[in-house]
Amino acid sequence: MNKKLVYLQPIPVRIWHWLNALGIVTLIISGAQIRFPEYVPILSSYREAITLHNTAGLVVAISFSVWFFYYKMLAHSLEKTYVPTREDLTTGLFRQAVFYFLMYFFGTPNPHHPTPEHKFNPLQKSAYLLIMFLLMPLVSLTGIVLMNIGPMRELVLMAGGMKLLSMLHFLLACSLCAFLFTHVYLATLGKSPMAYIKPMWTGWEEEDEHEGQGKHDDHEVVDKRQ
């Protein structure tokens, strides 16, 4: 058996990932205090929670824009990385779901072997497509409108009023929070709990290659004999 180090995550992606993660966790904590101030008194004051929440929201919105610019304009791989193919939708989703919900617990290898050109399995692609192209823009948009009620009063009224807009923002944020917990759990389902997390720090993922398994092409690989 050979072990291969595959360079999956370039430096800009790693920086964006952890900046975005910090921003979202900050939004969850400050948002919880804003929504339930009597039960979540983490920060010293309600006003401080609002200020921190607004600041983190702007950081995440800017970070999202940088992510989109990088993948679309610099890496030119936005569609290939995040849009599921026909094969992904017809067979890949089912195969990956069976692995996560059943075969993983029997020690079966992951059917998806990541490369820089195909980082994500079909389930990841589908989830990230929903999160990055629907949920994140809607959370950001509703949050920005709520931050500027005065200048955007007419827009708020058109959207159903502040109460409805706040509820929509809260429900979208809950969906994002649920995804975060699922994301962290699935990230621990590698050969070790840190196997999928480590590449987001180093950029390199270690993968076993059994005899007869095709080698990766057109990307940087380092052999480690076992």
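The values are calculated or read from the model by the stated rules, or taken from the named source; none is laboratory data. Just so you know, these numbers come straight off a predicted model, no measurement behind them. Glycine also receives a Cβ, built like all others from the backbone with ideal geometry; neighbour counts cover every protein chain displayed. Heavy atoms of the whole protein, side chains included, go into the accessibility calculation; ligands, DNA and RNA do not. Shrake-Rupley method; radii C 1.70, N 1.55, O 1.52, S 1.80 Å.
Key figures
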quantity: Subset of region 70-98 (residues that are open to solvent by less than 80 Å² (accessible area, probe 1.4 Å), within 22 Å of Gln9 (Cβ to Cβ) and either touching a strand residue (DSSP E or B) at 6+ places or on another chain (Cβ under 9 Å) or in a helix (DSSP H, G or I) (or both)); calculated: Tyr70, Tyr71, Lys72, Leu78, Thr81, Tyr82, Asp88, Gly92, Gln96
quantity: Every residue from region 103-155 that is in contact with a Gly (Cβ under 8 Å, 6 or more places away or on another chain) and farther than 25 Å from Asp88 by Cβ; calculated: Ser140, Gly143, Ile144, Met147
quantity: Residue selected from region 105-123 under the condition more than 25 Å from Gly203 (Cβ to Cβ) and part of a helix (DSSP H, G or I), by the criterion least open to solvent (accessible area, probe 1.4 Å); calculated: Phe105
quantity: Leu134, sole failed condition from (1) farther than 25 Å from Ile24 by Cα; (2) loosely packed, with under 14 Cβ neighbours inside 10 Å; calculated: (1)
quantity: Subset of region 34-50 [under 13 Å from Ala173 (Cβ atoms) and open to solvent by less than 100 Å² (accessible area, probe 1.4 Å)]; calculated: Ile34, Phe36
quantity: Residue that is most open to solvent (accessible area, probe 1.4 Å), among those in region 12-33 that are more than 30 Å from Leu74 (Cβ to Cβ) and touching a residue at least 24 places away in the same chain (Cβ under 8 Å); calculated: Gly31
quantity: Residue among Val60, Val66 that alone is within 17 Å of the chain's Cα centre (by Cα), in a helix (DSSP H, G or I) and surrounded by 16 or more Cβ atoms within 10 Å (Cβ to Cβ); calculated: Val60
